[in-house]
Each structure stands twice: as structure tokens, then as C-alpha cells.
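Data first, discussion second: the structure below is written as C-alpha cells.
Throughout, read-outs are computed from the coordinates displayed, never taken from laboratory work. It should be emphasised that the depicted structure is a prediction, and the values quoted were computed from it without experimental measurement.
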Amino acid sequence: MEAHALTIRLTNKVEFPFLVLLISGGHCLLALVQGVSDFLLLGKSLDIAPGDMLDKVARRLSLIKHPECSTMSGGKAIEHLAKQGNRFHFDIKPPLHHAKNCDFSFTGLQHVTDKIIMKKEKEEGIEKGQILSSAADIAATVQHTMACHLVKRTHRAILFCKQRDLLPQNNAVL
């Protein structure tokens, strides 16, 4: 984690302290980087990482069978289809929307998405493993909801740091 958090300093002049958001298939965390080996963890995923969740949703949507997505990773396939979909087609609330912390959770989003997929399969009369006509809308909704969750938790971290004067007022960096 430390190496990833400090990578920005290899290519940009970023002074300590700064806020870092690390997102991947295996990680999701928010930390205040106060020095080379000095990190204050503000939030982390309580369950799975966002990339892992996207991969699972892509598998559940059988995007490997989609002609436009057959060679793409799950997250890339979701992103590709999301561009064609309506992010507001399904009403999914971001996870932990009432929690007053900076932690993340993605299994709830995955579970709600699985329920939507099962409902749509039943409505369309297709079996698991076939491509839904609403796959792009599902991809767009999942990607949008995940992004809203990441933004809200990051915003909470910024507010926390500002309230405690942990980031410079004139040059706060994320």
C-alpha cells in the first residue's frame, strides 16, 4: 500500500500531507499520507474491493459472451457497456449512505445487482448465462452507484481532514 500511495510523488511535486484514495481489484482505502512511512487510515473496504465487485457483476451478466466484451476484463466490460446504458434506469442507493465514517462496502451493491439480474432474467424469460437486453443499463447503474459511493466517502474524508486541520488549507491534494 505504501508504494502505491507514494507513486504520485515520482511524477508530480506533491508535498506532505496529502490524501490518497487507492482503488483496485484487491484494495479500496482512503488514507492521509503525512510522511514516507506515516499514514493515517481514514477508511477501507469492509468486505470486497470495487474491482472485485465489478468482475463478479460482469461474470453474472455473462459479459464474456457479449460480442463487444468477449476479450475484456470484467471491470473494462462494465465500463464499456456503461457508456451505452442509462445510469438512472435502476434505482440503487449507494452503500453505507447513512454511515458517518469513511469506510466502503461493495457486497451490498453486488447483492442488489444480482437480484436485479435475476428479476430481469425472469421478466425476459431467459436462463442464467444469457445476455440481458438491459445489460448496458445494469452496467451503467452499477458503475454510477459505485462512483457515487467512492465520491461520498472521499468527500467525508476531506471534511474530516479539514475539520481537524490535517491538510493545508491553501493546497490540499488528493
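Using Cα atoms only, what is the angle between the long axis of helix 50-60 and the major principal axis of the chain, expressed in degrees (0 to 90) to the nearest 10?
In the chain, helix 50-60 runs at an angle near 0 degrees to the longest axis.
For helix 135-163, what angle does its Cα long axis make with the longest principal axis of the chain, in degrees from 0 to 90 and rounded to 10?
20
Pick from 103, 55, 38: which is most flexible by mean-square fluctuation in a GNM of the chain where alpha carbon atoms under 10 Å apart are linked?
Maximum fluctuation in the GNM of the chain, among the listed residues, is at 38.
Explain nothing, just compute: Karplus ³J(HN,Hα) = 6.51 cos²θ - 1.76 cosθ + 1.60, θ = phi - 60°, for every residue of segment 81-89 in order, whole Hz, x for Gly and Pro.
Going residue by residue, I get 5, 4, 5, 9, x, 9, 5, 9, 4 Hz, with x marking Gly and Pro.
Assuming 1.306 mPa s and 10 °C, estimate D for the chain with Stokes-Einstein, Rh taken as the Kirkwood radius over Cα pairs, in µm²/s. Before the final figure, lay out the partial values.
Values: Rh = 17.4 Å.
The calculation lands on 91 µm²/s.
Please compare each pair in 100/162; 65/120; 13/152; 93/115 to a cut-off of 23 Å on the Cα-Cα distance and tell me which ones are over it. Intermediate results must be reported in sequence, preceding the final value.
Details: 100/162 16 Å; 65/120 17 Å; 13/152 27 Å; 93/115 14 Å.
Check vs 23 Å cut-off fails for 13/152.
Find the eigenvalues of the gyration tensor of the Cα atoms of segment 37-135, then list the square roots of 5 times those eigenvalues as equivalent ellipsoid semi-axes, largest first, in whole angstrom.
Details: eigenvalues 159, 54, 25 Å².
Equivalent-ellipsoid dimensions as semi-axes: 28, 16, 11 Å.
Helix-derived [θ] at 222 nm for the chain: sum -39500 (n - 2.57) over DSSP H runs of at least 4, divide by residue count, nearest 500?
Working: 6 runs with 76 residues, N = 174.
When only DSSP H runs of four or more count, the value is -14000 deg cm²/dmol.
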